[in-house]
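Structure first, commentary second.
Every read-out reported here was derived from the displayed coordinates using simple, explicitly stated rules and does not represent laboratory data. Everything numeric in this text was worked out from a predicted model, so none of it was measured. No Cβ is skipped: glycine too gets one built from the backbone with ideal geometry, and neighbour counts run over all protein chains shown.
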Amino acid sequence: MDGKGERPYSAPVLEGLPLQEEKRRLAAIMAADVAGYSRLMAADELGTLGRLKSLRAEVIEPKLLQFHGLIVGSAGDSLLVEFASAVNAVLCAMEVQAGLAERNAKLPDDMRMVFRIGVNLGDVIPGDGTIHGDGVNIAARLEKLADPGSICIGRNIYDQVKGKLVCAYDDLGEQRFHNIAEPVRAFRVRSTSAALVGSRAADALPLPDKPSIAVLPFTNMSGDPDQEYFSDGITEDIITELSRFHEFTVIARNSSFRYKGLLPRIEDVGRELGVKHVVEGSVRKIGNRVRVTAQLIDATSAAHIWAERYDRGLDDIFAIQDEVTEAVVARVAEGIKGARALHARSRPSYSATAYDLVLQARPYRTAYTAAASKTAARLLRQATEIDPNFALAHASLAFVRTGELEEGWTDDPDAVLAEALAAAKRAVALDDSDGYAHASLAYVLLRYSEFDHAEHEMGIALDLNPNHVNIVMTAGWVAIVNCDPERAIEMIKRARRLNPLMGGWGLWTLGQAYLDAKRYQDALDSFAKVTDPPTDMFLERAICQAYSGREEDARGSLRKYLQRAQEELSSFPGEDSVAWRAFLLRYCTRRRREVTEHFIEGARKAGLNVA
């Protein structure tokens with residue numbers, strides 16, 4: 001955002017007074033832009049410009065005026081706004097997102113204009129009618145980190161606003177940004193379910209044919225924010241246990257945790273997630289004791305069906321989870337004609353300390369950075385050392401280490417892969433009834449090109465836990481690598497029903513399956529819905545366009561891919577056609593060579609210089 005563009009605002013007061021050019025000052029900076037703006041412009045340039053102008057005049061500018069924000073930069077769809085108060089900056093961002101969500105809820109998907117917002121606190125240097133400095137650059141990077149419809153803030157803003165606003169925060173961990181010397185701790189702001197509706201799904205999802213359940217994040221009642229991971233972990237494990245039952249549809253953690261820290265109407269949750277039943281509760285952990293409350297609610301009427309409180313020692317935490325699962329299953333299963341007796345599985349007792357370490361590792365696993373992954377692996381190793389018979393700890397370690405390998409976060413891939421395989425095998429040996437353990441083994445076996453064995457383990461995992469979204473998505477990826485794209489499409493679509501709010505990753509993977517199936521338009525349609533495309537997706541889009549005869553579009557997508565890849569790849573092949581071939585062979589790992597060659601030929605047709 002260079003701030004030199006024209007400022008087409010309807011409210012004259014927002015034009016601001018000339019800034020004093022000679023002084024540094026501390027300011028809260030809000031950076032905002034429209035997710036997928038290029039796609040919207042390509043589809044309808046005049047309509048998009050008109051909607052953007054209307055949203056600025058009717059939604060954004062009144063909020064900026066209310067919270068004393070001064071626009072200091074504008075270029076196309078982006079805005080740079082300065083505030084004297086950190087609290088005002090975040091309140092304004094929340095109000096803007098809520099207002100935009102309300103407007104978007106009334107529009108069809110292809111007309112919605114969804115913003116990403118980043119807020120940072122830092123020194124700024126006025127000049128040329130705008131502001132400059134690392135504080136501005138970090139705000140722009142935080143905006144790019146935000147999901148469409150959401151807000152990301154830096155640690156310095158978080159320290160100013162925590163405890164002062166009615167909202168919750170997700171700690172995204174340390175982030176490394178281009179051209180920023182020091183890592184930045186980032187947080188996602190969550191305020192009301194309005195933004196969720198506007199950015200993801202305004203229309204009610206139809207109820208599935210079988211009983212459906214969402215488990216909302218259990219509230220941490222311990223009074224210690226550092227215990228948040230514990231209540232989250234208990235919630236996740238109840239979701240996992242419920243998802244074993246073929247008779248139910250159980251919404252994934254990724255979707256139900258969007259409501260964390262909020263007080264949504266249960267009817268809204270049911271409508272937004274497409275479920276009839278909702279489980280909610282709380283956790284209070286004090287010393288070696290834990291109190292868990294849980295209740296089952298009919299989402300169509302908000303009527304309470306069942307409630308219970310459990311006061312136990314920490315060593316009984318698995319028993320509590322099993323009892324909650326069985327109570328919920330028993331009440332929900334009453335509606336199934338001729339249902340067999342459904343019971344929660346009996347699990348062995350594990351060390352409470354080891355379990356606590358597994359829960360501590362989970363936020364680091366989802367941070368998707370090299371540093372966070374190494375921290376997760378360290379915690380999980382500690383868990384396996386304390387309790388060598390804890391299958392979940394071994395399976396989690398296998399997933400983490402294989403992920404490090406795939407992301408290139410290791411200098412010793414052979415050692416990492418060996419550790420992952422040993423952990424996955426140990427998990428299955430310890431608990432053959434755990435679908436997650438079998439899925440971890442399948443995931444590792446793909447890296448050894450043991451395709452048949454990976455498919456076999458994946459089949460066992462799905463049979464044991466058919467509703468676990470990570471297992472179902474892993475099954476989709478196993479099918480892609482095993483050259484069964486139609487099976488992959490089926491699995492990914494099932495995962496998207498379990499996780500109605502699944503973001504770009506699921507759509508991207510679905511597009512990859514369509515590409516392998518030679519359903520190019522379906523792939524392009526799926527890619528088009530990804531609001532913040534990863535670099536590699538531009539290459540896959542170029543391939544689909546090339547095979548569809550759209551040569552000019554293909555070359556345009558390839559140019560975008562090469563521009564971004566050159567910045568991101570440590571070993572960019574450049575003009576070396578042989579190096580490009582080796583790179584694509586590694587990237588498009590498939591069981592049958594002809595599928596990989598089809599990918600490479602598509603890249604060649606798009607204009608890539610590949611041998």
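Observations on the structure shown:
- Members of Lys144/Lys560; Lys210/Lys260; Lys106/Lys560; Lys493/Lys560 lying beyond 23 Å, as alpha-carbon distances in this model show: Lys210/Lys260; Lys106/Lys560; Lys493/Lys560
- Placing +1 on each Lys and Arg Cβ and -1 on each Asp and Glu Cβ, with no other charges, gives the chain a dipole about its Cα centre of roughly 660 debye.
- Ordered by the number of other Cβ atoms lying within 10 Å of each residue's own Cβ, fewest first, Lys53, Lys106 fall into the sequence Lys106, Lys53.
- Residues Asp525 and Glu597, FRET efficiency given R0 of 30 Å [Cβ-Cβ distance, rounded to 0.05]: 0.75
- Gap separating the Cα centres of the range 389-440 and the range 110-135, nearest whole Å: 41 Å
- Where only DSSP H runs of four or more residues are counted, the chain gives -16000 deg cm²/dmol as its mean residue ellipticity at 222 nm, each run worth -39500 (n - 2.57).
- Charge sum, other residues only, whose C-beta stays under 9 Å from Asp311's C-beta, Lys/Arg counted +1 and Asp/Glu -1: +4
- Between the residues Leu584, Ala139, Thr375, the greatest Cα displacement towards the positive end of the dipole of the chain, with unit charges on the Cβ of Lys, Arg, Asp and Glu, is found for Ala139.
- For the chain, the Kirkwood hydrodynamic radius from C-alpha pairs, put into Stokes-Einstein at 10 °C and a viscosity of 1.306 mPa s, yields a diffusion coefficient of 61 µm² per second.
- Short to long, the 10 Å bins of the Cα pair-distance histogram for the range 212-333 hold 14, 49, 32, 5 percent of all pairs.
- Taking all Cα pairs closer than 8 Å and separated by 6 or more residues, the relative contact order of the chain comes to 8 percent.
- Rg/Rh (Cα only; Kirkwood hydrodynamic radius) as it applies to the range 534-611: 0.94
- Relative contact order, percent, the range 212-333 [alpha-carbon distance under 8 Å, six or more residues apart]: 27 percent
- Spacing of the two label points (7 Å from each Cα toward its C-beta) at Arg176 and Asp109, in nm: 3.6 nm
- Fully extended contour minus Cα-Cα distance, from Ala43 to Gln160, at 0.36 nm per residue: 38.0 nm
- Relative contact order (%) - the range 355-465, alpha-carbon pairs under 8 angstrom, separation at least six: 20 percent
- Put simply, the Cα atoms of the range 53-115 extend 37, 23, 15 Å along their principal axes, the longest span coming first.
- When you filter the GluC sites (Glu not before Pro) in the range 536-580 for DSSP loop state and at most 15 other Cβ atoms inside 10 Å of their Cβ, you are left with Glu575.
- Per-pair calculated FRET efficiency, R0 = 41 Å: Arg185 and Asp311 via Cβ, rounded to 0.05: 0.65
- Chain lengthening between Arg291 and Ser571 when straightened (0.36 nm per residue, less Cα-Cα): 95.5 nm
- Model label points for Ala303 and His456, set 7 angstrom from Cα along the Cα-to-Cβ axis, are 5.0 nm apart.
- Principal axis analysis of the Cα atoms in the range 355-465 yields extents of 33, 29, 21 Å, listed in decreasing size.
- Multiplying the residue separation of Ala582 and Ala517 by 0.36 nm and subtracting their alpha-carbon distance yields 21.1 nm.
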